[in-house]
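Let me begin by presenting the structure, written as structure tokens, before commenting on it.
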Amino acid sequence: MKSRIAAALFALFAANAAQAAVITNGNFESANTGWTFSGNVALAKQYGAGFYWGGGSVAQNGQYAVAFNGGDSTPNGAVWQRLATTAGTSYTVSFDYGATSPSVQSLNWSIFGIDANVALASGLVSDNNPAGLLNSYTFKFVANSAATTLRFSDFSGNNTVSNDGLLDNVNVTANAAPVPEPGSLALLGLGMLGLCLRRRKTV
């Protein structure tokens, strides 16, 4: 009986443990470690005071970011990473994205789980770099398997003449389970007390 009570308490506290990062090399400072690159996308390095032709950011992390459609190339680039996840767990993804000139650039994001052809979640962010900064974006998803793919891909309709999209500071964290309400905790305590009293009577 004691072991069952201990297990219940452990599960309760484990469910509310601190958030854990699950991404590898989210700031791209270790080249493309952890990531797969495809199409017209490459690492970009900071030069001088500005970052990659005006795509600077107060949130810039290190010297590197990912540049889409550099050199006025076709906007067909993509980067993705396979993540270790827990089915049923909610995760938050955050990233910085911006354009290198005052003209709109857009980026697709998507999450794939058990079915590699059907996205669990997807969306599109757009940035026109009015202040020469990268902007921060977030979204959430619930994993349905032990492995989940996070993918960023260039928007096919982007105007790439003297304008590129920049991605940096990708982070993925597991969200802590909601803390039980006081009433729920009280019921749990009463239930465990009842189990203990019952145990004593049968001994």
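A cut-off under 15 angstrom between Cβ atoms defines the neighbours of residue 152, and their net charge, with Lys, Arg +1 and Asp, Glu -1, is -3. A dipole drawn for the range 19-175 from +1 and -1 charges on Cβ atoms has a positive end, and of 41, 136, 117 the residue lying farthest that way is 117. Phi-derived couplings, Karplus 6.51 cos²θ - 1.76 cosθ + 1.60 at θ = phi - 60°, listed residue by residue for the range 113-118: x, 4, 9, 5, 9, 10 Hz, with x used for Gly and Pro.
Using θ = phi - 60° in the Karplus curve 6.51 cos²θ - 1.76 cosθ + 1.60, the 3J(HN,Hα) couplings for the range 23-31 round to 9, 10, 6, x, 9, 6, 7, 9, 6 Hz; x is entered for Gly and Pro. If you take all other residues with their beta carbon under 14 Å from the beta carbon of residue 71, and give Lys and Arg +1 and Asp and Glu -1, the sum is -3. The coefficient of translational diffusion for the range 19-175, derived via Stokes-Einstein from the alpha carbon Kirkwood radius under 25 °C and 0.890 mPa s, stands at 158 µm²/s.
Annotation: peptides 144-153, 91-100, 26-35, ranked by per-residue average of other Cβ atoms within 10 Å with the highest first, follow the order 91-100, 144-153, 26-35.
Here, each number is a calculation from the coordinates, and none is a lab measurement. Here the structure is a predicted model, which is why all the values come from computation and not from measurement. All Cβ positions, even for glycine, are placed from backbone atoms using ideal geometry, and neighbour counts span all protein chains on display.
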